[in-house]
1. Taking a probe of 1.4 angstrom, what is the accessible area of D324 in Å², to the nearest 10?
2. Just the number: Rg to Rh for the stretch 236-294, Cα atoms, Kirkwood Rh, two decimals.
3. Under a 1.4 angstrom probe, counting protein chains only, how are K207, K194 ranked by accessible area, largest first?
4. Along the Cα-to-Cβ line of D228, 7 Å from the Cα, sits a label point; which residues in the stretch 162-184 have backbone N less than 15 Å from it?
5. Taking 7 Å along the Cα-to-C-beta vector as the label spot, tell me the K72-V394 distance in nanometres, rounded to one decimal.
6. Name the lysines eligible as straight-distance cross-link partners of K209: C-alpha to C-alpha under 30 Å, and not fewer than 8 places from it in the same chain.
7. Could you list which residues have their amide H under 5 Å from that of T349, counting only those 5 or more apart in sequence or on another chain, with H placed in the peptide plane?
8. From the phi angles alone, apply the Karplus equation (6.51, -1.76, 1.60; θ = phi - 60°) to the stretch 15-20 and give each ³J(HN,Hα) in whole Hz, x where the residue is Gly or Pro.
Amino acid sequence: AWYVPCLASLETLQELCRKENLRCKSIGITNRSLKSYEVEYLCDYKVEEGTEYYLVKWKGWPESSNTWEPQKNLKCPLALQNFLSDKNEYLSRVREGKALKVRNHVKALKPAVADYIVKKAKQRIALQRWKEELNRKKNHKAMILVENTVDLEGPPLDFYYINEYKPAPGINVINGITTGCECTDCPAEKCCPKEAGFILAYNKKKKLKIQPGLPIYECNSFCRCGPDCPNRIVQKGTPYSLCIFRTNNGRGWGVKTLQKIKTNSFVMEYVGEVITSEEAERRGQLYDNQGNTYLFDLDYDSDEFTVDAARYGNVSHFVNHSCDPNLQVFNVFIDNLDLRLPRIALFSTRTIKAGEELTFDYQMKGSIDLSSDSADGLSPSRKRIRTVCKCGAVCCRGYLN
């Protein structure tokens, strides 16, 4: 038998079961729970004969099953809080007054207000599900949060979270390395960086000590040193909790840190599909027509390969450009010593405060042909339509290319 992942949410499947009067124990629809009711969100409000009513969307039930319920019967303080917050947010934006009075002494919300409240509730649920999905798929301990207080945009529809490179057919990102260092104290002995002809990239505090442009050679899976080796930093994944948030100046999604990050600290890795440069040129023309692209040239040693994070990537997919960035790109080699296929790591260039947006310069050496939603970053080798930069830095160059 063939098995494919179901793209429908649990609630959608439950709605279908209830609509067709079906039982399915695996998704929680049994004889006992078939008629159970739990408030998912509140859709509308009215007052009739002095009694306040809310239109309730029941969790796991189709919208056709929505019912008006008196407020005194509702035991859902968070749903009520979200409803009132969304209503006040809408009214403050459009500068409208109180609820509209209609005939028969009935007070009701304007349809536009109720429509906004429902859309906001659906967005909140969708973003929560997306956050849970991201945290299920990540391979590091730090949390990923999602936040949109700007508009009604939900999760990207065609983006899949991955933790490492996804090679295109015919490309091998693991070159079969079979040896590692014999160190018992990596910084003091002839470790992997020295074997490659370079110095150890990190100091005793596990902070970067080399200059931009120099490669990082970390200990690999065949090295004798353990997981606490000070030369294993990038391979452990981001140590900081990050938030994907909606920017308020037309730059689409962005990423901010929820923790203080010290100078020269590893923040995240840039991953995506590894494709040939010829394929990147073909995709680049298609992306131009769509108004965005996420192509990152792996040009440490040659221009043979490119990383495309348009559909497959991690949190770095959402990091915006800045002409005065707080992140710097470095090439990293761990289990693959092929100079054409370095891993791309982003390190802090200065102390970054909690709540501050993370950015890097799309025109850095070894950098990128990339955008986050409305901002298109174009590498010098692929000059196309000039794109206005919206980074807001004092030293802004005005354009991304």
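The values are calculated or read from the model by the stated rules, or taken from the named source; none is laboratory data. Since this is a predicted model, take the numbers as computed values, not measurements. For neighbour counting, all protein chains shown are included, and Cβ atoms are generated from backbone atoms with ideal geometry for every residue, glycine included. With ligands, DNA and RNA removed, areas are computed over all heavy atoms of the protein, side chains included. Shrake-Rupley method; radii C 1.70, N 1.55, O 1.52, S 1.80 Å.
1. Rounded to the nearest 10, that gives 90 Å².
2. Numbers: Rg = 15.6 Å, Rh = 14.5 Å.
Result: Rg/Rh = 1.08.
3. Working: K207 50, K194 105 Å².
Sorted descending by solvent-accessible area, the residues read K194, K207.
4. Hits in the stretch 162-184 for D228 at 15 Å: 184.
5. It is 6.3 nm.
6. K138, K141, K166, K190, K194, K236, K256, K260, K262, K353, K365
7. Excluding prolines and chain starts, which carry no amide H, the hits are N264, L327, Q328.
8. Each residue's phi maps through the Karplus curve to give 4, 5, 4, 5, 5, 9 Hz.
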